[in-house]
1. Per residue, how much accessible area does the chain have with a 1.4 Å probe, in Å²?
2. Place +1 on the Cβ of every Lys and Arg and -1 on the Cβ of every Asp and Glu in the chain, take the dipole about the Cα centre, and give the residue among Ile49, Pro4, Leu35 whose Cα lies farthest towards its positive end.
3. Here are labelled values, [x] 11.0, 35; [y] 19.3, 53; [z] 16.1, 67, and one is the computed Rg and Dmax of the Cα atoms in Å for what I pasted. Which one?
4. Dipole magnitude of the chain about its Cα centre, charges +1 at Lys/Arg Cβ and -1 at Asp/Glu Cβ only, in debye to the nearest 20?
Amino acid sequence: MNPPIAYCGLDCSACDAYLATINNDQSLREKTALLWSKLNHVPISPTQINCEGCRSDGMKTIF
């Protein structure tokens, strides 16, 4: 199955949160949390970086 296109138009196959989740990549979760924290000026922890796509029934990031 191909990764979905998110409601926002983002290609999930290019999304670090999606890739970190499906590959269980803790390093990418940490990198993404740090980047998103800086970009959004809010604290985001690596534990919040879990997403299987907003069009799926699985996990979704709160962001």
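1. Details: 4310 Å² over 63 residues.
In whole numbers, the chain has 68 Å² accessible per residue.
2. Sorting the options by dipole projection puts first Leu35.
3. It is the one labelled [x].
4. Details: 5 positive and 6 negative charges, 33 e Å.
It comes to approximately 160 debye.
The values are calculated or read from the model by the stated rules, or taken from the named source; none is laboratory data. The shown structure was predicted, so the numbers you read here are calculated from the model rather than taken from an experiment. Quick reminder, even Gly has a Cβ in these numbers, built from the backbone with ideal geometry, and neighbours come from all protein chains shown. Ligands, DNA and RNA are excluded from the accessible area calculation, which covers all protein heavy atoms including side chains. Shrake-Rupley method; radii C 1.70, N 1.55, O 1.52, S 1.80 Å.
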